[in-house]
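Have a look at the structure below before the remarks.
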Amino acid sequence: MDFPENEKKSLNFIESIIEEDLTTNKNQGRVHLRFPPEPNGYLHIGHAKSICLNFGLANEYNGLCNLRFDDTNPEKEDVEYVDSIMEDIRWLGFQWDDGPKYASDYFQQLYEWAIQLIKEGKAYIDEQPQELISEQRGVPTRPGINSPYRNRPIEESLDLFTRMKNGEFETGAMILRSKIDMSSPNMHMRDPIMYRILHQTHHRTGDDWCIYPMYDWAHGQSDYIEGITHSVCTLEFEIHRPLYDWALDQIVEGDYRPRQIEFARLNLSYTVMSKRKLLQLVKDNYVNGWDDPRMPTISGFRRRGYTPESIRNFADRIGVAKRDNVIDVSLLEFSVREHLNQVAPRAMAVIDPVKVIITNYPENDVEDLELANNPNDENAGTRKVPFTRDIYIERDDFMEDPPKKFFRLGPDREVRLIGAYIIKCDGFKKNDNGIVEEIYCTYDPDTKSGGSGAKRKIKGKAIHWVSAENAIDAEVRLYDRLFIDENPDGHKEKDFKEFLNPDSLKVLNNCKLEQSLKSVVAGDKIQFQRLGYFCVDKDSTENMLVVNRTVPLRDSWGKTK
RNA sequence: UGUCCGAUGGUGUAAUGGUAGCACUGCAGAUUUUGAUUCUGCCUGUCCAGGUUCGAGCCCUGGUCGGACAACCA
């Protein structure tokens, strides 16, 4: 125990509400949440925050959490998105209770409630053109005016609504509005639209319906039907809450009633989060699909090599509150490094190779060295790595004329080859273009790792290497942030795409990996020592391994350079 | 000249009238066969003005600043 026994864990404001409700036995002490995505795009890291929140809360309070697709707009929705959303939630490690739900499951009930409202004189059919209706609605600072159809006879509205449903009118010809208050300071209360005509095939209900309920006439009711107690959503719905409550007032019987609670959505620095903008990046080929490793989508992070644990930890750390926030991407990167540091086996890879010839090493000898898979974790075991006369090292681990603080290879300098020997540079050869082609070294046979002279101190650091004869060829994809601006969509005069990072993807084709990596499969995560965490990409073929860099290691040298 | 919401270090987030804490970032240092990890230390904060109170980041009043709202989107 790190803390006194009666010290309470601090609660976020939603937990406080739930605990308060629990102590008053509200809704018979039930806790039932839901995650309600619209299937019109792929889930992103902002959704991950919401998913972790809702499912996490259910977990914490022994409650339930539904997955409900808010599929009331067939124009934008598609099963492709339904499938990807379910896959992403499962991957994150959550399970919804009792099968996926759909707002479209409730179309009949919603329709009947609408009829009830018409009969009660609380809803009417308006057949004015859209522009007129919008004009009459007024502006936030000025009240609207009543529609001339506002007081049309109930029988007439009933008849029209039935005919709307039966497909007698064209898309957009008329709407069903609730009769609330055209002078309300809250725009959403000015006789909001409940139903519109949409001759559009729905991905689940097909052509059963040609009228579709609006969000505000579906969401609270769906919550009510499912027995949701705490309906958690993002801040932009705050102003809808009076309408949410109004809709509930029309249908609630008994003590149970869901409550809407709003929290601030996640914003991440150096990225965009709006579905519309992400869709644009995909559709206009600025990235290679929704799961492009540069995308802030859950599938993008998955392909990039992020783990569900790291995303869940991230979600825990960012907290939940109502103030607008911009989370530094470095926190996400910290979370993934933290987890991968524990679980990713280490290996050596040279991504920008230059050949080193160890001139005093026997030409055809091969030594099988036994290296730890994770020097920080004995349980990770060991692997065999072949050592030979010709090896590759990283081009930037050698300098012809190195400064004092450069602790790697250079003329007359010594470095330790990780898990092998100390070598000393005796010379090098350049090609006609002045590029270093070969580096000549001698090794000190007494300094073999684990051997008697292994502890010999040198000024140089340890560097990674790969046996030239035994290397595996690979393509390495180096990803960097997609945008060069901290807040790409925060500029009024400039389109967010102007801030796209031209170097967000660098493909390296001449990379050399150690032999032990030949059996990796897509999704495997490895730390390439001194380089970063990498993940085998699904584009890999039998002939060419493709590896994504998830995130580089922290680099205090790179900063001081 | 509307309604609603918000304001704590560079970034997030706690403190629920009683010592402003934690994490990330940044900066130093120790250890290191990964310039990683690990460990240690440091920097930096209650939007402003009044009021209530023995005591206010917290309660009240007034300002300031920021966000949301005028789709037949969600």
Filtering the range A:224-240 down to residues that are touching a His at 6+ places or on another chain (Cβ under 9 Å) and either outside any helix (DSSP H, G or I) or surrounded by 17 or more Cβ atoms within 10 Å (Cβ to Cβ) (or both) yields A:Glu226, A:Gly227, A:Ile228, A:Thr229, A:His230, A:Ser231, A:Cys233, A:Phe237, A:His240
Quick check, is A:Ile358 more than 29 Å from the chain's Cα centre (by Cα) and not assigned by TED's automatic domain parsing to the domain that holds A:Glu60?
-> yes
Evaluate the range A:42-65: report whether one residue or more is closer than 18 Å to A:Ser274 by Cα, within 10 Å of RNA strand B (Cβ to nearest atom) and touching a Lys or Arg at 6+ places or on another chain (Cβ under 6 Å).
-> no
Taking interchain pairs and intrachain pairs at least six residues apart, which have beta carbon atoms under 6 angstrom, with the first residue in the range A:118-134 and in the same structural domain as A:Lys179 (by TED's automatic domain parsing) and the second near RNA strand B (Cβ under 8 Å from one of its atoms) and not in a loop (DSSP other than H, G, I, E, B)?
-> A:Asp126/A:Ile175
Run down A:Asp446, A:Asp503 and say which single residue is without any contact (Cβ under 8 Å) to a residue 60 or more places away in the chain, touching a Gly at 6+ places or on another chain (Cβ under 7 Å) and over 23 Å from A:Asn373 (Cα atoms).
-> A:Asp446
List the number of the failed condition for A:Gly29; all other conditions in (1) within 15 Å of RNA strand B (Cβ to nearest atom); (2) without any contact (Cβ under 8 Å) to a residue 24 or more places away in the chain hold.
-> (1)
Kindly check whether there is at least one residue in the range A:149-156 that is of a type in the set (Ser, Thr, Tyr) and either touching a Leu at 6+ places or on another chain (Cβ under 8 Å) or not in a helix (DSSP H, G or I) (or both).
-> yes
Within the range A:251-274, identify whether any single residue is of a type outside the set (Ser, Thr, Tyr), more than 16 Å from RNA strand B (Cβ to nearest atom) and not in a loop (DSSP other than H, G, I, E, B), and answer yes or no.
-> yes
The condition from (1) among the polar types (S, T, N, Q); (2) outside the structural domain of A:Asn510 (by TED's automatic domain parsing); (3) at pLDDT 95 or above; (4) not in a strand (DSSP E or B) that A:Thr442 misses is numbered (4)
Kindly list the number of the only condition in (1) modelled with pLDDT of 95 or more; (2) closer than 30 Å to A:Val436 by Cβ that fails for A:Arg317.
-> (2)
Is one or more of the residues making up the range A:546-560 loosely packed, with under 13 Cβ neighbours inside 10 Å and away from RNA strand B (no atom under 16 Å from the Cβ)?
-> no
Pairing a residue in the range A:453-479 that is modelled with pLDDT of 95 or more and among the acidic types (Asp, Glu) with any residue that is loosely packed, with under 15 Cβ neighbours inside 10 Å and not in a strand (DSSP E or B), where Cβ atoms lie under 6 Å and the two sit 6 or more apart in sequence or on different chains, gives A:Glu475/A:Met544
The lone exception for A:Tyr244 - which of (1) away from RNA strand B (no atom under 15 Å from the Cβ); (2) in the same structural domain as A:Ser50 (by TED's automatic domain parsing); (3) in contact with a strand residue (DSSP E or B) (Cβ under 9 Å, 6 or more places away or on another chain); (4) of a type in the set (Ser, Thr, Tyr) it fails = (1)
Residues in the range A:294-346 that are closer than 27 Å to A:Glu238 by Cα, near RNA strand B (Cβ under 6 Å from one of its atoms) and in a helix (DSSP H, G or I): how many?
-> 2
Residues of the range A:159-181 being within 12 Å of RNA strand B (Cβ to nearest atom) and in contact with a Lys or Arg (Cβ under 6 Å, 6 or more places away or on another chain), in sequence order, are A:Ile175
When you look at A:Glu238, is it of a type in the set (Asp, Glu), within 11 Å of RNA strand B (Cβ to nearest atom) and not assigned by TED's automatic domain parsing to the domain that holds A:Arg549, yes or no?
-> yes
Would you tally the residues in the range A:190-219 being within 9 Å of RNA strand B (Cβ to nearest atom) and touching a residue at least 40 places away in the same chain (Cβ under 8 Å)?
-> 11
Among the residues of the range A:541-552, is any of a type in the set (D, E, K, R) and within 28 Å of the chain's Cα centre (by Cα)?
-> yes
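The values are calculated or read from the model by the stated rules, or taken from the named source; none is laboratory data. Computed from a prediction, not measured in an experiment: that's the story for all the values here. Note that we place each Cβ from the backbone using ideal geometry, even for glycine, and neighbour counts take in every protein chain shown.
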